[in-house]
Amino acid sequence: MRRDPYEVLGVSPEAGDAEIKKTFRRLARELHPDVNRHDPEAEEKFKEAAEAYEILSDAERRATYDRFGFEGLDSRGYSSQAHGFGSFSDIFDAFFGGDPFGAAFGRGGGGRVQGGDIAVEVEISLADAASGTATEVAYELVDTCERCHGNGAEPGTPIETCPTCGGTGRMRAVTRTAFGQLVREHACETCGGDGRIPAEPCSECGGRGRRAVRKTLQVDIPAGIADEQRIRLAGRGHAGERGGPPGDLYVLVRVAEDERFLRDGSHLVTVVDVPAPAAALGTTVTVPTLDGEEEIEVAAGTQPGTVVTLRGRGMPQIGRGRRGDQQVVLNVVVPRKLSGRQRELLEELRESLTPENLEEQADESLLSKVKRALR
Ligand SMILES: [Zn+2]
Ligand SMILES: [Zn+2]
């Protein structure tokens, strides 16, 4: 289903060119795939908005659509550039340098403009989060063209003064109104505000001075990093324009869940089952730790919810190296599905119990048990 372009942009059929342009710029800024890595719908919406803009920003196409709808456009052989894009770089190529894209990000108008930021996501294991790790991230970015070093000219060819604006980079539009002359300035569309254009555009980037490339980068992830923490790599984002500094790269780190541990800041919590008879008699249990399996003693008479603390076996704190603790919760399990023989033994045990067997120890008041459970 193709949606009405007026509806897509949210403008009325009477909207003027300026309003259509302004609305598309705002939408493009909101929906740009760089900003919306996590929203798969954003890219589709962006393409839809781009197609709507393609139709409504061209007087002839708009008139055709107004009279005959999409069928009219189709029968005249019009096909949108906005659809069929495979990746961000394709979209970029189609729009970059052209007015909608350049202006959408407030980059028009000459002067140094900082490059945009990029966000990438990596997932690491809890063990890697504990030890720290180095991981490779791959991402697409707009980089300065190596062939022309960003000036857009084929090497060895001159850069000339823009004939449209005479080198000022600005254009003035004078409108006569009832209140007198209204002068408005905007960036020159020929040179994008630079005032200078290459005599022969660079064969690599087509004169834009920048191009989309795929990069891989090794990122050091510090020991102790938490899920959803971000690492900022200054200057690794998109290249700036007209000598502006590059943007930053943000690496969002996801720490995968480890079913053996619950993480609580720098502490880890593990739950280990102990059969009730073994808890009564005393036993040893095997506990997983980040450093491998460990045997711990379970004292005779251990009560449900008893916590054994393994000091220094938790997660390190970023930049400090000191590790938190691992808390082992002993989950005393009451046997189920008893055989006849087991029933007999337990009945015998029950008959033999004396008040002394069930007496609380000093630290086993109901209150301290509840506190322990809530810890
Ligand atoms: Zn180039
Ligand atoms: Zn110009």
Among the residues of region 18-41, is there at least one that is farther than 30 Å from residue 118 by Cβ and modelled with pLDDT of 80 or more?
yes
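Residue by residue through region 274-296, note down the ones that are in a strand (DSSP E or B) and either under 30 Å from residue 223 (Cα atoms) or touching a His at 6+ places or on another chain (Cβ under 6 Å) (or both). Break it down into steps so the answer makes sense when it comes.
Kept after step one, since they are in a strand (DSSP E or B), are these residues of region 274-296: 274-275, 283-289, 292-296.
Residues satisfying the conditions are 285, 286, 287, 288, 289, 292, 293, 294, 295, 296.
Do we have residue 241 as at pLDDT 90 or above and either under 28 Å from residue 159 (Cβ atoms) or within 16 Å of ligand 1 (Cβ to nearest atom) (or both) here? Spell out how you get there, then give the answer.
On the way: at pLDDT 90 or above: no; either under 28 Å from residue 159 (Cβ atoms) or within 16 Å of ligand 1 (Cβ to nearest atom) (or both): yes.
So residue 241 fails the test.
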Does residue 263 meet the test of being within 19 Å of residue 317 (Cα to Cα) and open to solvent by 60 Å² or more (accessible area, probe 1.4 Å)?
yes
Single unsatisfied condition, residue 180 versus (1) modelled with pLDDT under 85; (2) under 22 Å from residue 114 (Cα atoms); (3) open to solvent by less than 50 Å² (accessible area, probe 1.4 Å); (4) more than 14 Å from ligand 1 (Cβ to nearest atom)
(2)
A careful count of residues in region 289-308 that are closer than 21 Å to residue 353 by Cβ and open to solvent by 30 Å² or more (accessible area, probe 1.4 Å) gives 6
With respect to the numbered conditions (1) at pLDDT 85 or above; (2) outside any strand (DSSP E or B); (3) away from ligand 2 (no atom under 16 Å from the Cβ), which one is the sole condition not fulfilled by residue 163?
(3)
Tell me the residue from 173, 187 that is modelled with pLDDT of 80 or more and among the aliphatic types (A, V, I, L, M), please.
187
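For every residue, the table says whether it meets (1) under 24 Å from the mean Cα position of the chain (by Cα); (2) more than 28 Å from residue 239 (Cβ to Cβ).
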| position | (1), (2) |
| --- | --- |
| 140 | yes, no |
| 152 | no, no |
| 175 | no, yes |
| 184 | no, yes |
| 188 | no, no |
| 193 | no, no |
| 198 | no, no |
| 209 | no, no |
| 221 | yes, no |
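Look through 167, 207, 240 and report the one residue that is touching a Gly at 6+ places or on another chain (Cβ under 7 Å) and open to solvent by less than 20 Å² (accessible area, probe 1.4 Å).
Details: 167 fails: open to solvent by less than 20 Å² (accessible area, probe 1.4 Å); 207 fails: open to solvent by less than 20 Å² (accessible area, probe 1.4 Å).
Answer to the selection: 240.
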What pairs come out if I take residues in region 191-203 that are within 15 Å of ligand 2 (Cβ to nearest atom) and pair them with residues that are of a type in the set (D, E, K, R) and outside any loop (DSSP other than H, G, I, E, B) whose C-beta lies under 7 Å away, six or more apart or interchain?
196/160; 197/160; 199/160
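The values are calculated or read from the model by the stated rules, or taken from the named source; none is laboratory data. Just so it is clear, the model here is predicted, and its values are computed rather than measured. Neighbour counts are summed over all protein chains in view; Cβ atoms, including those assigned to glycine, are modelled from backbone coordinates with ideal geometry. The protein model used for the area step is the full one, side chains on, heavy atoms only, and it has no ligands, DNA or RNA in it. Shrake-Rupley method; radii C 1.70, N 1.55, O 1.52, S 1.80 Å.
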